[in-house]
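Have a look at the structure below, then the notes.
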Amino acid sequence: MAGECYEEDRFVNWKRMIWELAGAAVLWMTTSLPGAAQVAPPGAPGIPMNPSPIGDTSAIAKEAQGWLADLVRINTSNPPGNELAAAKYVAGILEKEGITPEILEVTPGRSAVVARLRSSAMADPSKALLLVAHMDVVPVDKSKWSVDPFAGVVKDGYLYGRGAIDDKGMLAANLAVFIALKRSTMHLNRDVIFLATDDEETSGDASIKILIGKYWDKFAAGYALNEGGNVFVKNGKVQYIGVQASEKVAVNVAVIAHGTSGHASQPTKDNPVVHLAAAVAKIGNYSAPVHFTTIVRRYFDGLAPLQDDEIGKWMRSMDTPDRGEHAQRVISEASPLWNAMMRDTIAPTVLAAGVANNVIPGEARANLNIRLLPGDTVNVLLGDLNKLVNDSQVRLEVQPNAGLAAPPSSLESDLYAIISRVVTEEFSGAPALPFQSTWLTDSAQLRLHNVQSYGLVPFPLADEDLKRMHGDDERIPLASFAKGVDVLARIVAEFAVAR
Ligand SMILES: [Zn+2]
């Protein structure tokens, strides 16, 4: 309860600040415009309760909803991506506002877009704030959708389409906030940079890693807001806000079994299909040891009070010497997300063997998609897996393009403090918890370049909608979209508008 009073105090302070800003405006209007109508103080009837310094964002959110529908209609399924078409669309919107965007070609047909609002003639990249979103989307299985995934259909208060959340929703919200700042002509205390990236979903040859290599000077920044965390809704209420400050590292490992090829009518003991199957079964049942990073420990500390008594009790016991192991098992089994947040995970994803029904092949392969905790190394894990498999016919081989672990973003920065305070105020006191995503985002590459990057898709979303990302019938509730634009506007304004 004490915590709530504390937040209430901060809330009142924020309101007072707005009041003072509005008061100054009233003073200016009444002195410089004789006879001008008195401006009612914020919070008065008819005035939005919780305006950001940008002001009421409902009109720009409505505009941005149109941009989002248009962006969904530009098919950027990756592969092949074809983000140049989306880049041109975004650049066109920025140009209409008198902003000069730059299209940055990464590979032919695949481009990013960058634009900047300056705080002063001399840029200070270490202070700059980057608003990042990616333009590519994952492919669809059209036959499983109830609507055309690339039509931008609005139905029952939702906008449907591939990318509606991931990540064109964020892209449209970033665009809205960036343009609202430009229209407001408010003085900035740091540069705000808009960046739309390409090839995020496959982290391939046109991804942010390559973009940074070619064009870092165009968007170098000390801070970034990106996707990666979420506003989690449970039973119609925001339960907590996960602010992504770290992410796991993806590595693919091939399991390769060798044997003697031959006639299927005379089976042999060294059939590689049999050896591969046995190895994959052992690996699939393996649980790597639990390691708590600082972020995950703080996440569970904050989450425990929100759980029912039983889960809350075990969540609090995970670090205890006597009950820890049992508690970790209970929590791992309660949620695949929680399980994956506290250990390296291994998912066998692809099997390949055989050339004909009546031929024993000489080789059989599987792919393991491994997600390492930041700080863990794949060789240590492979040592454990080799011991487990214990088969001289089977070897494990790390595949190219393994991810790199990035340092976590600071939980002590001004930006993290602002995000935490704003979301708690905006979502009725729900706590902000630091979040280590099990999935990848562009933030890892930014963190490797000393950017304090935080992941927050600002739209309140229920599990039912979150699950549709990368799935069928992806959709965003329009009310959540508008709320997200407002929340993002307030975070950006509090961090980047000079007072
Ligand atoms: Zn995404």
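Every number here is computed from the coordinates shown, using simple stated rules; none is lab data. Predicted, not measured: the structure shown is a model, and the values here were computed from it. Cβ coordinates were reconstructed from backbone atoms using ideal geometry, including for glycine residues, and neighbour counts include every protein chain displayed.
Taking only C-alpha pairs under 8 Å that are 6+ residues apart, what is the relative contact order of the range 100-159 in percent? Each step should come with its number before you reach the end.
On the way: 26 pairs, mean separation 9.7, N = 60.
Once divided by the residue count of the range 100-159, the mean separation gives 16 percent.
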List, largest first, the extents of the alpha carbons of the chain along their principal axes, each in whole Å.
-> 101, 57, 46
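For the range 268-371, what is the per residue volume of the convex hull drawn over the alpha-carbon atoms, in cubic angstrom? List each step's numbers first, then the result.
Details: hull volume 13.0 nm³, N = 104.
Dividing the Cα hull volume of the range 268-371 by its residue count gives 125 Å³.
At 222 nm, what value in deg cm²/dmol follows for the chain if DSSP H runs of at least 4 each add -39500 (n - 2.57) and the sum is divided by all its residues, to the nearest 500? Walk me through the intermediate numbers first.
Working: 15 runs with 192 residues, N = 499.
About -12000 deg cm²/dmol.
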In degrees, nearest 10, the alpha-carbon axis of helix 272-284 is tilted away from the dominant principal axis of the alpha carbons of the chain by 40 degrees
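With r as the distance between the Cβ atoms of residue 187 and residue 97 and R0 = 22 Å, compute the FRET efficiency 1/(1 + (r/R0)^6) and round to 0.05. Can you show the working numbers first?
Values: r = 18 Å, r/R0 = 0.80.
With a Förster radius of 22 Å, E is 0.80.
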Diffing the range 88-102: the Karplus 3J(HN,Hα) column from phi (6.51, -1.76, 1.60, θ = phi - 60°), in whole Hz with x for Gly and Pro, holds 5, 4, 4, 4, x, 5, 5, 4, 4, 8, x, 9, 9, x, 10
All-pairs alpha carbon distance profile, the range 228-278, 10 Å steps from 0, percent = 19, 22, 13, 13, 17, 15, 1
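Extension gain residue 260-residue 358, at 0.36 nm per residue separation less the Cα-Cα distance, in nm?
Numbers: separation 98, 0.36 × 98 = 35.28 nm, distance 1.41 nm.
Here the segment from residue 260 to residue 358 would lengthen by 33.9 nm.
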Using the Kirkwood formula over every pair of different C-alpha atoms, what hydrodynamic radius in Å results for the range 387-499?
-> 17.3 Å
Coarse-grained scattering of the range 183-291 at q = 0.15, 0.21, 0.23 Å⁻¹, given as base-10 log I(q)/I(0) from a Debye sum over alpha-carbon atoms | -0.99, -1.22, -1.28
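What's the Kirkwood radius of the range 78-136 in Å, using all Cα pairs? Can you show the working numbers first?
Numbers: mean 1/r = 0.0786 Å⁻¹.
One decimal place: 12.7 Å for the Kirkwood radius.
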Rounded to the nearest 10, the angle in degrees between the Cα long axis of helix 324-334 and the longest principal axis of the Cα atoms of the chain comes to 80 degrees
Angle, helix 208-219 long axis vs. longest principal axis of the chain, Cα atoms, 0 to 90°, nearest 10?
-> 20 degrees
Counting only residues 5 or more apart in sequence or on a different chain, those whose built amide H sits under 5 Å from that of residue 222 are 127, 128
Cα radius of gyration and Dmax for the range 341-386 (Å) = 14.9, 46
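Can you give the relative contact order of the chain as a percent, counting alpha carbon pairs under 8 Å and 6+ residues apart? Please list the in-between numbers first.
Numbers: 965 pairs, mean separation 113.4, N = 499.
Relative contact order, the chain: 23 percent.
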Once the in-chain neighbours fewer than 8 apart are removed, the lysines whose Cα is under 25 Å from residue 88 read 62, 96, 168, 182, 209, 214, 218
